[in-house]
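Notes to accompany the following structure.
The values are calculated or read from the model by the stated rules, or taken from the named source; none is laboratory data. Keep in mind the model is a prediction, meaning the values are calculated, not measured. Note that each Cβ is placed from the backbone with ideal geometry, even for glycine, and that neighbours are counted across all protein chains shown.
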Amino acid sequence: MAEEHAGRVALVTGASSGIGRATAELLAARGAAVAVSALDAAGTRETVAAITAAGGRALPVVADVADGAAVAEAVRRTVETYGGLDVLVTSAGVQRYGTVADTDDKTWDEVFTVNVKGVFLAARAALPHLRRSTSGGAVVVVSSVQARATQANVAAYAAAKGALNALVRSMAVDEGPFGVRVNAVCPGSVDTPMLRRSAELFSDGSDASVRRLLAEWGRSHPLGRVAEPREVAETIAFLAGTRAGFVTGADVPVDGGLLSALPVALPPAAPEAPAGA
């Protein structure tokens, strides 16, 4: 498994932090040459530095996923540098809060432009190359449990993630004849900068209150904690690899059992009646 991705080339968006960075580092550790793409130039360089320090191969590609020309250039540079493209992982995303009644046009459009159109643009640019992969092209989209079930005040985000899961199914059907597999992962709460920014919004912003809120959110998962980015990256790396050669069109929860749990607790069991009653 250590060399599962040896000789393969991957492009990871949103790779400057969180799940994207963990995925880029893991794919590189398992032998892939990785194009590290993000809008955050400093974070992109940090991810590349971490990969190369560990002996891996990485290319920094600063790009805004909402800019079709920039995304196409990122793909072009990847193919020019490494000779092809086998894996696309789309991890770039934004989280915004609000109901339909109080979400303005700008916020709605931002969430869909980054979270949905960004995947569309990256896939459109990458698919011609993925179809030519000699080891089997793969796309893995980072979606969310909120594509399936949602909390309050995340109308745009939940709708965008639901759209992503539908897009994954459509691409899986369209690209299967070309040997390209397309899957999604649906994480629950993951300890990323995005989650910590959300915790800051719903607390007093101090380190202690953020930690308390993350722990509280973690307790909503049957495993009793939030995930680490690497745990989601492990599933992404599997779906992107040849061991998952017959898996396509799936949206895989990596959620600590969150979607399996009913939110309403049962009443305590009635005491047994005494013998002879």
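What to note about this one:
- First in segment 57-70 and of a type in the set (Val, Ile, Thr), second anywhere and in a strand (DSSP E or B) and surrounded by 19 or more Cβ atoms within 10 Å (Cβ to Cβ), Cβ under 7 Å, 6 or more apart: Val61/Ala35; Val61/Val36; Val61/Ser37; Val62/Ala38; Val65/Thr13
- Among the residues of segment 40-93, those that are acidic (Asp, Glu) and closer than 12 Å to Val9 by Cβ comprise Glu80, Asp86.
- Strands (runs of 3 or more DSSP E) enclosed by segment 1-104 - at least 3 residues per element that are more than 19 Å from Ile236 (Cα to Cα) and in the same structural domain as Ala126 (by TED's automatic domain parsing): 57-62
- Of the residues making up segment 145-178, those that are touching a Gly at 6+ places or on another chain (Cβ under 8 Å) and either under 21 Å from Arg76 (Cα atoms) or of a type in the set (Ser, Thr, Tyr) (or both) number 2.
Condition check ((1) among the small types (Gly, Ala, Ser); (2) at pLDDT below 85) across all residues:
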| site | (1), (2) |
| --- | --- |
| Gly218 | yes, yes |
| Gly224 | yes, no |
| Ala237 | yes, no |
| Arg243 | no, no |
| Thr248 | no, no |
| Leu259 | no, no |
| Glu272 | no, yes |
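- Complete set of residues in segment 1-23 that are without any contact (Cβ under 8 Å) to a residue 40 or more places away in the chain and under 17 Å from Thr78 (Cβ atoms): Ser16
- Residue selected from segment 196-245 under the condition outside any helix (DSSP H, G or I) and of a type in the set (Gly, Ala, Ser), by the criterion nearest to Ala22 (Cα to Cα): Ala227
- Condition broken by Val145, with the remaining ones in (1) among the β-branched types (Val, Ile, Thr); (2) modelled with pLDDT of 90 or more; (3) in contact with a Ser or Thr (Cβ under 7 Å, 6 or more places away or on another chain) satisfied: (3)
- When residues of segment 96-137 are limited to those that are surrounded by 14 or more Cβ atoms within 10 Å (Cβ to Cβ) and of a type in the set (S, T, N, Q), the one farthest from Ala24 (Cα to Cα): Thr103
- Residue check, Gly93 within 24 Å of Arg196 (Cα to Cα), at pLDDT below 95 and surrounded by 23 or more Cβ atoms within 10 Å (Cβ to Cβ): yes
- Condition met for Asn183 (of a type in the set (S, T, N, Q), farther than 28 Å from Asp104 by Cα and surrounded by 18 or more Cβ atoms within 10 Å (Cβ to Cβ)): yes
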